[in-house]
Amino acid sequence: MGVTGILGGRFDPPHVGHLALARTAIDHFGLEQLLVTVVADAAHKGSVAPPPDRLAMARLTFAELPALVELDEHRYSVDSLEARGYEDPVFLIGADELEAFHTWKQPARVLELARLGVATRPGYRRASDSPRVELFELEPHDVSSTEIRARAGRGEPLEGLVVPAVARYIAEHGLYARG
């Protein structure tokens, strides 16, 4: 079996930056399979939308990719990796997460269970001292889930920030609406 990539997150909501990271990682690592895990109850940060809505939006976002989108009940990446038992997967994160990687639960064990594929911005030169960490460049996308939630709450358009199906889903389900 080929290389499996794992892209996990709260996806509250998933946006075009997440999609670009997935596409770039598939090409860069020659991923045969991409598992997108929507963390039901993240240990480090709460979610606004409930897990079923975040799962539905992730499925809409990654629909065009050869990706399997699942809900992950594990609060910590190490627990999820141990439960799944993949053979040398690539766990995909952004450069900002690499900066905080030392604060994760059992980071050394995470590196035993998976290589880290770290998406960086062009010109980002920070090297890792671990052979289990590989940097790859990702064109920057000026978008964040926080910004999308705020725009949705104000009733502003979400074009260019999320895929059209997710914008419709947010509107139809009244997600992130204030009041």
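Worth a mention:
- The set of residues in region 52-70 that are under 27 Å from residue 111 (Cα atoms), modelled with pLDDT of 95 or more and surrounded by fewer than 19 Cβ atoms within 10 Å (Cβ to Cβ) comprises 65, 68, 70.
- Count - residues of region 106-133 that are outside any loop (DSSP other than H, G, I, E, B) and touching a residue at least 40 places away in the same chain (Cβ under 8 Å): 2
- Odd one out for residue 111 among (1) closer than 19 Å to residue 21 by Cα; (2) surrounded by 15 or more Cβ atoms within 10 Å (Cβ to Cβ): (1)
- Residues of region 134-144 include at least one that is over 21 Å from residue 30 (Cα atoms), touching a His at 6+ places or on another chain (Cβ under 8 Å), among the β-branched types (Val, Ile, Thr) and assigned to a loop (DSSP other than H, G, I, E, B).
- Qualifying residue in region 151-172 (condition: modelled with pLDDT under 90 and either in contact with a Cys (Cβ under 7 Å, 6 or more places away or on another chain) or exposed (fewer than 13 other Cβ atoms within 10 Å of the Cβ) (or both)): no
- Residues of region 107-159 that are over 21 Å from the mean Cα position of the chain (by Cα) and over 28 Å from residue 80 (Cα atoms): 123, 125, 153, 154, 155, 156, 157.
- Top-ranked residue of region 78-105 - restricted to ones that are touching a helix residue (DSSP H, G or I) at 6+ places or on another chain (Cβ under 6 Å) and in a helix (DSSP H, G or I), ranked as surrounded by the fewest Cβ atoms within 10 Å (Cβ to Cβ): 101
- Considering region 1-44, the residues that are surrounded by fewer than 20 Cβ atoms within 10 Å (Cβ to Cβ) and of a type in the set (D, E, K, R) include one that is nearest to residue 170 (Cα to Cα), namely 41.
- Taking each residue of region 148-175 that is on the phi > 0 side of the Ramachandran plot and looking for partners that are at pLDDT 95 or above with beta-carbon atoms closer than 8 Å, six or more apart or interchain, yields 160/16.
- Those residues of region 81-122 which are in contact with a strand residue (DSSP E or B) (Cβ under 6 Å, 6 or more places away or on another chain), within 26 Å of residue 141 (Cβ to Cβ) and aromatic (Phe, Trp, Tyr), in sequence order: 91
- Close Cβ contacts (under 8 Å, 6 or more residues apart or on different chains) running from residues in region 4-33 that are among the basic types (Lys, Arg) to residues that are buried (at least 20 other Cβ atoms within 10 Å of the Cβ) comprise 10/38; 10/39; 10/54; 10/145.
- Pair list, Cβ < 6 Å and 6+ apart or interchain, from region 54-83 residues that are among the charged types (D, E, K, R) to residues that are crowded, with 20+ Cβ neighbours inside 10 Å: 54/11; 54/12; 54/38; 59/69; 70/37; 72/37; 72/39; 72/80
- Near pairs, Cβ below 8 angstrom, 6+ apart or cross-chain, from region 87-102 (farther than 16 Å from residue 17 by Cβ) to any residue that is surrounded by fewer than 16 Cβ atoms within 10 Å (Cβ to Cβ) and among the aliphatic types (A, V, I, L, M): 87/1
- First in region 35-51 and closer than 22 Å to residue 66 by Cα, second anywhere and of a type in the set (S, T, N, Q) and not in a loop (DSSP other than H, G, I, E, B), Cβ under 8 Å, 6 or more apart: 35/4; 37/80
The values are calculated or read from the model by the stated rules, or taken from the named source; none is laboratory data. Worth saying up front: this structure is predicted, and the values here are computed from it rather than measured. Glycine also receives a Cβ, built like all others from the backbone with ideal geometry; neighbour counts cover every protein chain displayed.
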